[in-house]
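Heads up: the structure comes next, in structure tokens.
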């Protein structure tokens, strides 16, 4: 059986420092807990969870979720700040209640908050800033400071207000670029392609009036940490557990195992069945060098894309297509896959695959523009990805220094927290 190669986190022989020596003595302030604020997007919330894991706080965290009103006219109001959006929704619902305009305002289906099963929690509450601040203040002396990690545009007002009201008791990290007033946070974590000046082609896509506002000038401030890709939970420990959990199903498969992850078109990476047909043709060309192929789709994959791929490979003896039933084999695929083919639209899936050190092939970069193009260029320059052309021999492996963004960010967080006289326990 081909050995699984996983990146190791930094450390000394895997030994942990006993708590008595970790700054947890009398008078020391140790960060032992985290409050995470997400926006309902698995990609955003996994970044919060990934950083919490890298800091060793995964077992002592609370996840809150900011949710916007949905249905009816609300689908046209997502450009508004979330507090204003909620206020307008409340006024409209009250004003047009029990009238013929009710459906226009709230839509035909009642609004529901869908909890993400990926985080393993049955209930995720809306963040209450006053309650979070009160708990952080009242428990500070006994339980130490609180780490607050938020990700996504809609979480900015919550995390910045928490820091404003309890700056002496919390350390606030905002993931993804907040665009303005970066001093509202103790630390901002953002991909390099989302921070640096736009490319020449990107400059033409943005009105000149907004260019300076959208992307700050170099160099970044001292409280900004730049990453290559997105943070995630696929660290070495998680992959080793996944390797065990999926051993019986994936270990017996003929090698090499090629994993194909298909996302969906985005504003900056638009495509349709043309890319699906290109992928199908290229996969047929490499099947002879594959022992087996596992294909999976994301929640964003259009049915017309998944349908054409499924019809083409359904029943093929080398190809298995995951149809969305639980359990999700994604972590198992990362652990047992020998090589990956990933559509260019998903920064999250590419970041996870590139953390394994295994061959990663990308298809569809020609459909991407602006910061997505900058992201793919950065990956190519680091030698962690190659274009998927259909001419590859999947049995010929190649390697690179795995991306460890979460570990690197966690190291920087520890350094900045230490400047306050705190430690992360």
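The values are calculated or read from the model by the stated rules, or taken from the named source; none is laboratory data. Values in this document were obtained by computation on a predicted structure and should not be read as measured data. All Cβ positions, glycine included, derive from the backbone under ideal geometry; neighbour counts span all protein chains shown.
Annotations for the structure displayed:
- Listed by first and then second residue, the pairs with beta-carbon distance under 7 Å, at least 6 apart or on different chains, first residue in the range 47-59 and over 8 Å from residue 232 (Cα atoms), second assigned to a loop (DSSP other than H, G, I, E, B), are 52/58; 53/233; 53/235; 54/235.
- Screening 244, 156 for residues that are modelled with pLDDT of 90 or more, on the phi < 0 side of the Ramachandran plot and surrounded by fewer than 16 Cβ atoms within 10 Å (Cβ to Cβ) leaves exactly one candidate, 244.
- Conditions (1) over 20 Å from the mean Cα position of the chain (by Cα); (2) without any contact (Cβ under 8 Å) to a residue 60 or more places away in the chain: number failed by residue 385: (1)
- Residue 145 vs. criteria at pLDDT 95 or above, touching a strand residue (DSSP E or B) at 6+ places or on another chain (Cβ under 6 Å) and surrounded by 15 or more Cβ atoms within 10 Å (Cβ to Cβ): yes
- Counting residues in the range 397-415 that are modelled with pLDDT of 95 or more and more than 23 Å from the chain's Cα centre (by Cα) gives one or more.
- So residue 418, is it out of contact with any helix residue (DSSP H, G or I) (no Cβ under 7 Å at 6 or more places or on another chain), within 24 Å of residue 48 (Cα to Cα) and outside the structural domain of residue 274 (by TED's automatic domain parsing): yes
- Count of the range 295-317 residues, restricted to those that are over 20 Å from residue 266 (Cβ atoms) and in contact with a helix residue (DSSP H, G or I) (Cβ under 6 Å, 6 or more places away or on another chain), is 1.
- Failed item in (1) closer than 18 Å to residue 341 by Cα; (2) not in a loop (DSSP other than H, G, I, E, B), with residue 243 passing the rest: (1)
- Some residue of the range 339-353 being at pLDDT 95 or above, surrounded by fewer than 20 Cβ atoms within 10 Å (Cβ to Cβ) and closer than 30 Å to residue 246 by Cβ: no
- Candidate set: the range 21-44, residues that are buried (at least 17 other Cβ atoms within 10 Å of the Cβ) and either more than 16 Å from residue 149 (Cβ to Cβ) or modelled with pLDDT under 60 (or both); chosen: the one nearest to the chain's Cα centre (by Cα): 30
- Among the residues making up the range 355-380, those that are at pLDDT 95 or above and over 26 Å from residue 273 (Cα atoms) are 355, 356, 357, 358.
Condition check ((1) touching a residue at least 12 places away in the same chain (Cβ under 8 Å); (2) within 17 Å of the chain's Cα centre (by Cα); (3) outside the structural domain of residue 52 (by TED's automatic domain parsing)) across all residues:
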| residue | (1), (2), (3) |
| --- | --- |
| 221 | yes, no, no |
| 245 | yes, no, yes |
| 249 | yes, no, yes |
| 255 | yes, no, yes |
| 259 | yes, no, yes |
| 262 | yes, yes, yes |
| 274 | no, no, yes |
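- The residues in the range 159-180 that are touching a strand residue (DSSP E or B) at 6+ places or on another chain (Cβ under 8 Å) and at positive phi can be counted, and the count is 1.
- Flag if residue 127 is buried (at least 17 other Cβ atoms within 10 Å of the Cβ), in the same structural domain as residue 420 (by TED's automatic domain parsing) and closer than 15 Å to residue 65 by Cα: yes
- Positions within the range 314-333 being more than 22 Å from residue 255 (Cβ to Cβ) and surrounded by 13 or more Cβ atoms within 10 Å (Cβ to Cβ), in sequence order: 328
- The single condition among (1) farther than 17 Å from residue 35 by Cβ; (2) surrounded by fewer than 18 Cβ atoms within 10 Å (Cβ to Cβ); (3) at pLDDT 70 or above that residue 92 does not satisfy is (2).
- Failed condition for residue 413, given (1) in the same structural domain as residue 287 (by TED's automatic domain parsing); (2) in contact with a strand residue (DSSP E or B) (Cβ under 7 Å, 6 or more places away or on another chain); (3) part of a helix (DSSP H, G or I): (1)
- The criterion of at least 2 residues that are free of Cβ contacts under 8 Å to residues at least 60 places away in the same chain and farther than 18 Å from residue 30 by Cα is met by the following helices (runs of 4 or more DSSP H) wholly inside the range 127-169: 129-138, 156-165.
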